[in-house]
Amino acid sequence: MIIDLDNNIKVIRPEGKAMFPYCNSIYIDDETKTLIDAGSGGNAYAQIPKEEIGLILLSHSHFDHTHGLGYFPQARIMAGTEEQYAFQDENKFYITAGFQRWEELMGSQKEVRMNTDISLPDDVLVKPGFRKIELSGVFKDGDEIIVGSTRIMALHTPGHSVGHYGFFFPDNKILFSGDLDISPRGPWYGGYDSNFGDVIASVEKLIALKPEVLVTSHRRIFKDDIEKLLREYLQIALDRDEKIMAYLDKPHSLDEIAEQELGFYELGKTPHNIFWSKVMILKHLEFHIQAGEVEDLGNYRFVRI
Ligand SMILES: [Zn+2]
């Protein structure tokens, strides 16, 4: 489905739900036909002139934003400078996928490196895992990308991943915020290169732009109460932070913290969700250790100072 935001800025919504493995894309039908993200699936892309797409901007390297790049072999591809390694360096890619901590945090060996054996819909071209992708260029925070009459501002918004970007259209105050996605479960920062403090700063940065239209990777389009929505979204992580800190008035282990009701398991208490929840708790702890508010007692035990 294609939804017009103005004459030449459109949202491409996946045929299935805009959830993993799919994401929303932005299509800019201008002098240089441009796509932001490539995870909407082949059925959704059947509605645009695929062979005419000249440029693809990637919000970040996660699979659900990149698996459709093969539909656009002639397009130039750009990503944020902080995350270009994920397209070029296989070793670093697998390290930042984060699963090398699995055994340590879960107490058992993870059999596969990633979810490479999952079954995916037919219009998803590839499986998760490293694919070398030639970038034609990189962007950095504040860069203006001009594709005809449309100006796109690149916004470095790390936290979800280190090179995560949002894109702002300053002339009509449309914001594409990528995986800072207003999920009712709050922000996700369970990656190796995720950072809780950066999530807070990035959401504040989006609010400061005073967007009038908000498109995220995984939800519908929002036109009202955008600041409130962003604040409520961030608050989920801040409430969690408060609970973790309150619980650490006595020393506790990571496993004990993960047993607390922190809102991590709404999509099921699967091994992956448990693993990611532990990584996210560690992101909270790292933030407070750095601020001198939590002490690391070793052996994954922590206490508030
Ligand atoms: Zn992501």
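The values are calculated or read from the model by the stated rules, or taken from the named source; none is laboratory data. Bear in mind the structure is a predicted one, so any value in this text is a computation, not a measurement. Quick reminder, even Gly has a Cβ in these numbers, built from the backbone with ideal geometry, and neighbours come from all protein chains shown.
Close Cβ contacts (under 6 Å, 6 or more residues apart or on different chains) running from residues in the range 208-227 that are under 18 Å from Pro170 (Cα atoms) to residues that are small (Gly, Ala, Ser) and crowded, with 19+ Cβ neighbours inside 10 Å comprise Thr216/Ser177.
Which strands (runs of 3 or more DSSP E) does the range 42-153 wholly contain that include 3 or more residues that are modelled with pLDDT of 95 or more and not charged (D, E, K, R)?
On the way: elements: 55-57, 76-80, 137-139, 144-146.
The strands (runs of 3 or more DSSP E) meeting that bar are 55-57, 76-80, 137-139.
Just one of (1) in contact with a strand residue (DSSP E or B) (Cβ under 7 Å, 6 or more places away or on another chain); (2) away from the ligand (no atom under 16 Å from the Cβ); (3) more than 27 Å from Gln260 (Cβ to Cβ); (4) among the aliphatic types (A, V, I, L, M) fails for Ile207. It is (1).
Here is a check on your reading of the model: is Gly191 within 23 Å of Tyr27 (Cα to Cα), among the small types (Gly, Ala, Ser) and either surrounded by fewer than 22 Cβ atoms within 10 Å (Cβ to Cβ) or within 16 Å of the ligand (Cβ to nearest atom) (or both)?
Working: within 23 Å of Tyr27 (Cα to Cα): no; among the small types (Gly, Ala, Ser): yes; either surrounded by fewer than 22 Cβ atoms within 10 Å (Cβ to Cβ) or within 16 Å of the ligand (Cβ to nearest atom) (or both): yes.
No, not satisfied.
Please enumerate the residues belonging to the range 169-188 that are away from the ligand (no atom under 16 Å from the Cβ) and closer than 25 Å to Ser277 by Cα.
Initially, the range 169-188 is screened for residues away from the ligand (no atom under 16 Å from the Cβ), giving 169-175, 184.
Passing the criteria: only Pro184.
Can you tell me how many residues within the range 25-37 are crowded, with 21+ Cβ neighbours inside 10 Å and either over 16 Å from Ile152 (Cβ atoms) or of a type in the set (Val, Ile, Thr) (or both)?
Taking the range 25-37 first, the residues crowded, with 21+ Cβ neighbours inside 10 Å are 25-28, 33-37.
With the extra rule that they be either over 16 Å from Ile152 (Cβ atoms) or of a type in the set (Val, Ile, Thr) (or both), the set shrinks to 26, 28, 34, 36.
Result for the range 25-37: 4.
Of the residues making up the range 51-94, those that are in contact with a Phe, Trp or Tyr (Cβ under 7 Å, 6 or more places away or on another chain), among the charged types (D, E, K, R) and within 16 Å of the ligand (Cβ to nearest atom) number 1.
Considering (1) assigned to a loop (DSSP other than H, G, I, E, B); (2) within 16 Å of the ligand (Cβ to nearest atom), the lone condition that Glu31 does not fulfil carries the number (2).
If you check Lys243, Lys223 for being over 20 Å from Val279 (Cβ atoms) and among the charged types (D, E, K, R), only one passes: Lys223. Criterion applied to Asp241, Asp224 was being acidic (Asp, Glu) and under 25 Å from Ser40 (Cα atoms), and the one residue passing it is Asp224.
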